[in-house]
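Structure first, then comments.
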């Protein structure tokens, strides 16, 4: 799935967008997404007045808002009638789920709020949440308390990571493996893809109960219920045995303790798999992971090289790191056979 980056916009539109305007322009697009304007216009044409009523946009700003999107090449207009352009249909409808529209656009607004205090963040060393004295729930508690948020966030990731899952299945040779534990497996997109590619394999998604319920629905829709299981639990505690592959895919910082738990749970010659957008060796890429520190996380991202060192320090051998897909890194390691005495 491609991001609707500025290079997709018509050159005549790009010529109008400088650094100063880019912030405002991107916020207009986020507003259109949050209001679900593009979805309302899917396969139809509507007058401005009808759009205003449906989306509850005040008449004072209705025309200028719609005309700004026309100027950006996201809407077409004729005789006060508006409709989506081909670019909008491709990047905001065909390649986006409703979960993306609801959850990701909400996260964008939170990012704008955080960036309003960027100078204070830079000079004080404090996060946006600390400066504003905001108390936010951690991932686990937020998913448990809000069923709708859990669904939107989890399903957004399911659609977002489908290409990543395909890349992983093409990279991993699991012909000699029999069971995969996807720790923090979320939507199940990785576990489902691996099971489809390897008919002999059984996979299991380990995550908190609310997320497992959503993953189970994805497994059912994929018709993989006999091959892909869900297991409610806490990945920070002891990991279940019985799996010769343990994966951690895009779950944030992976501690040495978590890797040590995986090492204990794996049998001899068991495989560890880490999938994430780690920083480059010099720490300058990818950009989204770097700027994410200013809007979402106070935990510093790690480089792929540093992660390799941690994996090796836990006892894994034949550790490999490959950048196989975009900014995505795959790190694998093998548990050595236990030493024998005698």
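Scanning segment 151-164 for residues that are surrounded by fewer than 21 Cβ atoms within 10 Å (Cβ to Cβ), modelled with pLDDT under 95 and touching a strand residue (DSSP E or B) at 6+ places or on another chain (Cβ under 9 Å) turns up at least one hit.
Quick grid of which residues meet (1) over 30 Å from residue 193 (Cβ atoms); (2) outside the structural domain of residue 228 (by TED's automatic domain parsing); (3) within 17 Å of the chain's Cα centre (by Cα); (4) in a loop (DSSP other than H, G, I, E, B):
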{"residue": "73", "(1), (2), (3), (4)": "yes, yes, no, yes"}
{"residue": "89", "(1), (2), (3), (4)": "no, yes, no, no"}
{"residue": "120", "(1), (2), (3), (4)": "yes, yes, no, no"}
{"residue": "129", "(1), (2), (3), (4)": "yes, yes, no, no"}
{"residue": "141", "(1), (2), (3), (4)": "no, yes, no, no"}
{"residue": "144", "(1), (2), (3), (4)": "no, yes, no, no"}
{"residue": "165", "(1), (2), (3), (4)": "no, no, yes, no"}
{"residue": "170", "(1), (2), (3), (4)": "no, no, no, no"}
{"residue": "174", "(1), (2), (3), (4)": "no, no, no, yes"}
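Here are 51, 60: which of them is in contact with a helix residue (DSSP H, G or I) (Cβ under 8 Å, 6 or more places away or on another chain) and either without any contact (Cβ under 8 Å) to a residue 12 or more places away in the chain or assigned to a helix (DSSP H, G or I) (or both)? Being in contact with a helix residue (DSSP H, G or I) (Cβ under 8 Å, 6 or more places away or on another chain) and either without any contact (Cβ under 8 Å) to a residue 12 or more places away in the chain or assigned to a helix (DSSP H, G or I) (or both) holds for just one of 51, 60, which is 51. Here residue 317 meets each of (1) surrounded by 13 or more Cβ atoms within 10 Å (Cβ to Cβ); (2) more than 17 Å from the chain's Cα centre (by Cα); (3) more than 23 Å from residue 163 (Cα to Cα) with one exception, condition (1). Checked against (1) free of Cβ contacts under 8 Å to residues at least 60 places away in the same chain; (2) out of contact with any helix residue (DSSP H, G or I) (no Cβ under 7 Å at 6 or more places or on another chain); (3) surrounded by 13 or more Cβ atoms within 10 Å (Cβ to Cβ), residue 17 meets all criteria but (2). Applying the set (1) under 29 Å from residue 153 (Cα atoms); (2) buried (at least 18 other Cβ atoms within 10 Å of the Cβ); (3) in contact (Cβ under 8 Å) with a residue 12 or more places away in the chain to residue 82 leaves exactly one unmet item: (1). Only one of the numbered conditions (1) within 20 Å of residue 334 (Cα to Cα); (2) modelled with pLDDT of 95 or more is not met by residue 225, and that is (1).
The values are calculated or read from the model by the stated rules, or taken from the named source; none is laboratory data. Worth saying up front: this structure is predicted, and the values here are computed from it rather than measured. All Cβ positions, even for glycine, are placed from backbone atoms using ideal geometry, and neighbour counts span all protein chains on display.
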